[in-house]
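J.: Before I ask anything, here is the structure I am working with.
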Amino acid sequence: MANPPVNKSCLHLVTRLSSEALQSCNAFRGEQDEILLIDDAVMFLVSEPGESQSAGLADAVFLIADLEARGLAEIATELGVRTITDLEFAALLRRHDSCLTWK
């Protein structure tokens, strides 16, 4: 008797404000996967209007510490984007089977 296929999930970390990184990330993104923007990638929050949605970031998560470091925390709140703390970041990592970093 064969085992049923296992749906594995991946956390994709985008670390730079790079369209190439996002395109690569989205090309490998599975249905159960999540995208977390950290470091300079949080600047996608203030990129050209509509760019973050067209880049597949409508459901992305942003690390609040990196938003705060760049003065973007208030904008994130106003836009209603999903943010997480460092502690929640650790929990997010545990929730996924693997993690890929895109630079």
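Where a number appears in this text, it was derived from the coordinates with a stated rule and is not lab data. Predicted model, so just to flag it, every value in this text is computed and none were measured. Positions of Cβ are generated from backbone atoms using ideal geometry, with glycine treated the same way; all protein chains shown enter the neighbour counts.
J.: Could you state the angle between the C-alpha long axis of helix 19-28 and the longest principal axis of the C-alpha atoms of the chain, as a value from 0 to 90 degrees rounded to the nearest 10?
T.: So the inclination is approximately 20 degrees.
J.: Shifting gears a bit: Within 11 Å, Cβ to Cβ, of Ile35, how many net charges do the neighbouring residues add up to if Lys/Arg are +1 and Asp/Glu are -1?
T.: -1
J.: List the residues whose amide H sits under 5 Å from the amide H of Val61, counting only those 5 or more places along or on another chain, with H placed 1.01 Å from N in the peptide plane.
T.: It is Ile35, Leu36, Leu37, by chain and number.
J.: Per the helix-only calculation at 222 nm, which mean residue ellipticity applies to the chain, given -39500 (n - 2.57) for every DSSP H run of n ≥ 4 and division by its residues, nearest 500 deg cm²/dmol?
T.: Result for the chain: -9500 deg cm²/dmol, rounded to the nearest 500.
J.: Can you give me the angle between helix 86-95 and the longest principal axis of the chain, using Cα atoms only, in degrees from 0 to 90, rounded to the nearest 10?
T.: 20 degrees
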